[in-house]
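The values are calculated or read from the model by the stated rules, or taken from the named source; none is laboratory data. If you're wondering where the values come from, they're calculated on a predicted model, not measured in any experiment. Ideal geometry is used to build each Cβ from the backbone, glycine not excepted, and the neighbour counts take in all protein chains shown. These area figures cover heavy atoms from the full protein model, side chains too; ligands, DNA and RNA do not enter into them. Shrake-Rupley method; radii C 1.70, N 1.55, O 1.52, S 1.80 Å.
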Amino acid sequence: MFGKDLTGLVSQMPAVEQGPVKNGVPANDPQAQFVSGVLESTEQVWDAQFREMGLQYEQPKLRLFTGEVQSACGGASAAVGPFYCPGDHKVYIDLSFYNELKDRFGAAGDFAQAYVIAHEVGHHVQNLLGTSAKMQEARERLSEVEYNRLSVMLELQADFYAGLWANRAQNLKDFRLDAGDIDEALNAANAIGDDKLQKQAQGEVVPDAFTHGTSAQRMYWFKKGFETGDIKQGDTFNAKKL
């Protein structure tokens, strides 16, 4: 997830459920349509990627919400930001987050928004590949500091998967990557690094409390995914250097 809540810093398809209408998000909302379109492209990319690996991709479902929402992972408010719940295989997006991404974090642009969606879908990929289950098992036996280190690796891998999506999506029909799009994604990754958010929120940086990775790390792994388009290059858990 993106961890928009600056106090905690801890806080993840194409067919949009009817829930968004009940939560005040019109079905014909342009932003909702944009989110659904990005998700459709992730479905095509990951369906092809899974076939290459001899696997079958199961697409997640999209749940738009405003204010607060209930998921299989429990209740969540808009302060959490976009997230993916492994328990119900749903990507949860509060559309108001995009205004904050632009106004508060200075990360404007459609592709900055697309990066957020692709990151959460990256968590779904991790769930399908068994990475999320291993993380849950580790949570029960590791200290908070040790688990935080693994959490950083998990989030950076989701950034890598978002970059891989951007690489592969270029080959899709009706998908166009314009000049500056990747810069928008990198700017968003830079804006939501743990070090930058901690500095803004509390005036100091506490590496042991990192859960998502630094700005530099998030940009590096997204860019690596985009430049290689090779899922084998995204093993952040065994990388010599993050």
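Carbon and sulfur: what percent of the stretch 46-164's accessible surface (1.4 Å probe)?
Accessible surface attributable to carbon and sulfur in the stretch 46-164 totals 45 percent.
Which percentage, to the nearest 5, of the DSSP beta bridges contained in the chain is antiparallel?
If I count the DSSP bridges inside the chain, around 55 percent turn out antiparallel.
What percentages make up the Cα-Cα pair-distance distribution of the stretch 50-133 when the bins are 10 Å wide from 0?
Using 10 Å bins, I get a P(r) of 17, 45, 29, 9, 0 for the stretch 50-133.
In the stretch 184-242, carbon and sulfur make up what percent of the accessible area (probe 1.4 Å)?
Exposed carbon and sulfur together represent 49 percent of the surface.
Please report the relative contact order for the stretch 88-222, taking Cα pairs under 8 Å with a sequence separation of at least 6, and give it as a percent rounded to a whole number.
Averaging sequence separation for qualifying contacts and normalising by length gives 32 percent for the stretch 88-222.
Treating only the Cβ atoms of Lys and Arg (+1) and Asp and Glu (-1) as charged, compute the dipole magnitude of the stretch 74-116 about its Cα centre; round to the nearest 20 debye.
Its charge dipole is roughly 40 debye.
Quick check on the stretch 98-242: take the gyration tensor over C-alpha atoms, sort the square-rooted eigenvalues as a ≥ b ≥ c, and tell me if it's rounded (a/c under 1.5), prolate or oblate.
oblate
For all pairs of alpha-carbon atoms in the stretch 118-168, what percent lies in each bin of width 5 Å, listed from the first bin to the last filled one?
5, 22, 27, 22, 14, 6, 3, 1
Run lengths n ≥ 4 of DSSP H only: what is the helix-derived mean residue ellipticity at 222 nm for the chain, with -39500 (n - 2.57) per run over all residues, to the nearest 500?
Taking each H run of at least 4 residues, the total per residue is -16500 deg cm²/dmol.
Give 134/232; 90/240; 199/241 a once-over and call out the pairs whose C-alpha atoms are over 21 Å from each other.
90/240; 199/241
Stick to Cα atoms and the Kirkwood definition of Rh, then tell me Rg/Rh for the stretch 161-209.
In the stretch 161-209, Rg relative to Rh is 1.19.
From Cα coordinates alone, what are the radius of gyration and Dmax values for the stretch 82-130 in angstrom?
That works out to 12.0, 36 Å for Rg and Dmax.
How large are Rg and Dmax for the stretch 51-93 when calculated on the C-alpha trace, in angstrom?
For the stretch 51-93, the Cα-based Rg and Dmax read 12.7, 40 Å.
Rolling a 1.4 Å sphere over the protein heavy atoms, what is the accessible area per residue of the stretch 101-214, to the nearest Å²?
Solvent-accessible surface per residue comes out at 44 Å².
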